[in-house]
Amino acid sequence: MKSRILFLFLLLLFACKPSHKPEAMNIRGFVDTVGFAHLGWQMDSIAARIERSDADTFGSHCHNGNPLRLAISPHDDYTYAGPLYFSLLKDVHAHTLILFGVAHKARALGIEGKMVFGNYKKWKEPYGEVAVSAMQNNILKSLDTSLYLISDTLQRVEHSLEALIPFLQYFNPGLEIIPILVPAMPFEKMQQAATALASAINTEAGKRNLNWGKDFALVISTDAVHYGDEDWGGKNYAPFGADTLGYWLAVDHEKEIMRNCFTGQLTPEKARKFSEYTVDSKDYREYKWTWCGRYAVPFGMLTAWNLVGLQHTTLGGCIYGYATSIDHPHLPVSDLHMGITAPAKLRHWVGYGAAGYR
C-alpha cells in the first residue's frame, strides 16, 4: 500500500511540475532508454545486427510483399525480442498507424473500462519526433465520452507502444500515430467500444481516401506469458511448475493459444477465445494466463473485425513466430549503451508471439 501511495504521489508531482522537458512542449518523452533504442544510431545498429545474423528468419512463410493491415507485436527488451519485432514490423507499410497498447499502470491510477488517449501532439523517437495524427481529434469527436478518456499521465508512464515505434520509424521515417491504451475492460464493453472506434476510423479514412494496409494500419502491442516463480513481485506465475518440464508445457500452451486465436480468418469468436484463455471468467480484472496484452489484443482484433465488415473485405492471420527470453542467444546491445530491464532464466521468463493479418 505504501509503495502504491508513493507511486501515485510521484505521478501527480511529475504531472503538475513545470518543466523544460519535452512534455512541457506537448511532446511525450521516453520512458525506457535501457531496453529500447532512443537514438538513431542505436536503431541502425540493432537492425544491422539482426540482418547480419540468422535471427531474421521469423515469418519467412508469411512474407508475400503485401502490407499488413493488422500486426500483433511483442514489446520486451530488444536484446530478447528484437528479431521478432523486425521481421513482423517490416511488413507494416502504412503511413498512419493506430496503435493499441497495454496499460500496465492503469489499475494503480484507478483507470479501467475505457480507451485511453493522450493530448500529446508528438512523441520523441530515435529518428526525430513522430506526430500524433490529426485524425485522432476527429475520431474523438465521433466517440461517446463514456467510451474513452484522456490521460497524459497514463500515456507518459506506459512503455508498450514506445517499444514498437523505433522499429516502425526505421522502416517508415514519416509515419504518424494514434496511440490508444487499453486497460481492464469486460469483453462486452470491448465489443461496444471497438464497434464505435472502427466506425470512426472508417469514416475518417474514407474522408481522406486512405486505403487500409497501404495508407493506414492497426498495430497491437503485447508480450505473451510472463512465467516463473521468482522476481514477479512475490507472485507465482508457474502453474505448470518452474522446471524444464513446466517450461515446455507452458510453451505448448502458448502455441495453442496462438494457433486457435491468430490463424485463419479473423472473427469476433477468436477475439473472445483469446479473452477466455487469458482473463479470469469470474473477474475480468484478473489473469487466467499471464499475457500482459489480455485486453489490448482482443480490443484490437475486434476493431479490425468491425472494419472488415464496414469495408466488405476479409482478413486472414499468419503467425510470424514465437520465442521466449531464454530459448535463443540474445542480441548483443551492451556496447550500444542498452541492456535489460528484467532477468531471463528458467524461473523468470517471458514469451513473445508475433502475428500479422492481410
Exercise. What is the number of the single condition among (1) open to solvent by 10 Å² or more (accessible area, probe 1.4 Å); (2) farther than 30 Å from A108 by Cα that A205 does not meet?
Worked result: (1)
Problem set entry | In region 95-130, residue nearest to the chain's Cα centre (by Cα) [restricted to those that are in a loop (DSSP other than H, G, I, E, B) and closer than 16 Å to L197 by Cβ] | A103
For this session: Check region 130-145 and report whether any residue there is of a type in the set (A, V, I, L, M, F, W, C), over 28 Å from N66 (Cα atoms) and out of contact with any Cys (no Cβ under 8 Å at 6 or more places or on another chain).
Result: yes
Exercise. Mind checking whether some residue in region 177-189 is among the β-branched types (V, I, T), at pLDDT 95 or above and part of a loop (DSSP other than H, G, I, E, B)?
Worked result: no
Problem set entry | Residue among S281, S275 that is of a type in the set (S, T, N, Q) and in a loop (DSSP other than H, G, I, E, B) | S281
Exercise. So how many residues does region 37-94 have that are over 30 Å from T313 (Cα atoms) and in a loop (DSSP other than H, G, I, E, B)?
Worked result: 9
For this session: Report whether or not T263 is open to solvent by less than 40 Å² (accessible area, probe 1.4 Å) and either touching a residue at least 12 places away in the same chain (Cβ under 8 Å) or in contact with a Phe, Trp or Tyr (Cβ under 8 Å, 6 or more places away or on another chain) (or both).
Result: no
Problem set entry | Set A217, A194, A242: member being touching a residue at least 40 places away in the same chain (Cβ under 8 Å) and part of a helix (DSSP H, G or I) | A194
For this session: Could you figure out which of (1) part of a strand (DSSP E or B); (2) open to solvent by 10 Å² or more (accessible area, probe 1.4 Å) isn't true of P173?
Result: (1)
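The values are calculated or read from the model by the stated rules, or taken from the named source; none is laboratory data. Keep in mind the model is a prediction, meaning the values are calculated, not measured. We place every Cβ from the backbone using ideal geometry, glycine too, and count neighbours over all the protein chains shown. Please note that ligands, DNA and RNA were not included when accessible areas were found on the heavy atoms of the full protein model with its side chains. Shrake-Rupley method; radii C 1.70, N 1.55, O 1.52, S 1.80 Å.
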